[in-house]
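Okay, structure first, notes after.
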Amino acid sequence: MMPVILIILFIGLVLLFSSFFTVKQQTAVVIERFGKFLSIRNSGLQLKLPIIDRIAGRVNLRIQQLDVIIETQTKDNVFIKMKVSVQFKVIQEHVYEAFYKLEYPHDQITAYVFDVVRAEVPKLILDDVFVRKDDIAIAVKRELNEAMMAYGYDIINTLVTDIDPDIQVKNAMNRINAAEREKTAAMFESDAQRIRIVAKAKAEAESKKLQGQGIADQRREIAKGLVESVEVLNQVGINSQEASALIVITQHYDTLQAIGADTNSNLILLPNSPQAASDMLNNMVTSFTASSIIGEEMKKQPKRVKDRGNKTSMDYNPSDTSNPGEPTK
C-alpha cells in the first residue's frame, strides 16, 4: 500500500510542478486546450492545467531584422545586387494573428520585398538608384506595412544597405571617377600654375622697376659727380673739352679694371697701352673742339627767308609762320 501512495504523491508533484511555467520578457506564449486556442500569456510566472493545457508556441516580441538580397536590372540594362534590411516586430495585441495566420513570416516579407524592388528599380538608371535608394526603401516599407499589418506584424524600418553593380560596371565607374578627379586636379594645378606665373611676373616687374630706379639714381649721381669733376678741372685751367676727354679716359680704365676683376667675363679686346690712351685723349679733344667750332659758326649764320611758294624747296615749312611777308604770286 505504501508504494502506491508514494507513486501517487510523486505523480501529483510532477503534475503540480508541470502546471507552472515562466515567460521571458518581450515574449508571448500561446496556450491551447485540447488543440484549441485558449489564451496568450505574457512575461512572468504562469499557471496551466496539466495534461489538458499545453504551450503551443512562443512568439518573440522584440524587433527583428531580415536581410534580403535581390538581383534586378536597372533602366539602362545594368544588373545589380541590392541588399534590403527590414526591421519588424510582432504587435503585442495581435499575437494571435501573428501565430496562427502566418506560418513563415520571413518568407512572406522576402516575397514582398522582391516584388517592390523589382517594380521600382527598373524605372531608374544606375546613377538614380544610388541617389534615390531612400525612396526605394520608403516604397518597400509602405507596401510591407499594408500587407503585414493584417498578420499582426509592424514594419519598423526598411533600409537599402548595399547596392552592388556588376564587376565590369563597377570598374568602369571607378575609371570614370578617377578621370573626373584627374580632370579636377589638372584644373587646380593649372590655376596654381597661372597664379605662380602671374606672381612671378609681378615680382619681376617690380624688381625691374626698382632696378631701373636704382640705375637712374646711380646715373644721376654719376652725372653730378662728372659735373663736379669738370668744375674742379676748370678751376685748375683745364677747359671743358679736355676735362670731358680726361673723364672718359678715366672711365675707360675703370672698365678695364672691372673686367679684369671678374673671372667669369668673356674675352674683350680693348686698347689699353699708354700710346692708345694718349691717342684716344687727343682724338676726343680734337672732336670736342671741332664740334664746338661748328656750333659757333652755325649760330653766326643769318636765317634764310623761306619761300612758301616754292613747295619743292627743302627750306619750306608750311607750318612755319616766323618769316615775314607773303609769297609773290
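See the values below:
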quantity	calculated
Residue within segment 19-33 that is loosely packed, with under 13 Cβ neighbours inside 10 Å, more than 60 Å from the chain's Cα centre (by Cα), of a type in the set (Gly, Ala, Ser) and outside the structural domain of residue 122 (by TED's automatic domain parsing) present	no
Residues of segment 156-182 satisfying the condition of being aliphatic (A, V, I, L, M) and either over 27 Å from the mean Cα position of the chain (by Cα) or assigned to a strand (DSSP E or B) (or both)	156, 159, 160, 163, 167
Test for residue 53: is it over 22 Å from residue 166 (Cβ atoms) and either in the same structural domain as residue 101 (by TED's automatic domain parsing) or touching a residue at least 12 places away in the same chain (Cβ under 8 Å) (or both)	yes
Test: residue 171 is free of Cβ contacts under 8 Å to residues at least 12 places away in the same chain and within 21 Å of residue 60 (Cβ to Cβ)	no
Residue within segment 222-229 that is in contact (Cβ under 8 Å) with a residue 12 or more places away in the chain, part of a helix (DSSP H, G or I) and over 40 Å from the mean Cα position of the chain (by Cα) present	yes
Selected residue (only one of 205, 147, 137 is in a helix (DSSP H, G or I), farther than 19 Å from residue 84 by Cβ and either touching a Leu at 6+ places or on another chain (Cβ under 9 Å) or not basic (Lys, Arg) (or both))	205
Residues being surrounded by 13 or more Cβ atoms within 10 Å (Cβ to Cβ), of a type in the set (A, V, I, L, M, F, W, C) and touching a strand residue (DSSP E or B) at 6+ places or on another chain (Cβ under 7 Å) - total across segment 41-68	7
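The values are calculated or read from the model by the stated rules, or taken from the named source; none is laboratory data. Just so you know, these numbers come straight off a predicted model, no measurement behind them. Heads up, the Cβs are rebuilt from the backbone with ideal geometry, glycines too, and the neighbour counts pull from every protein chain shown.
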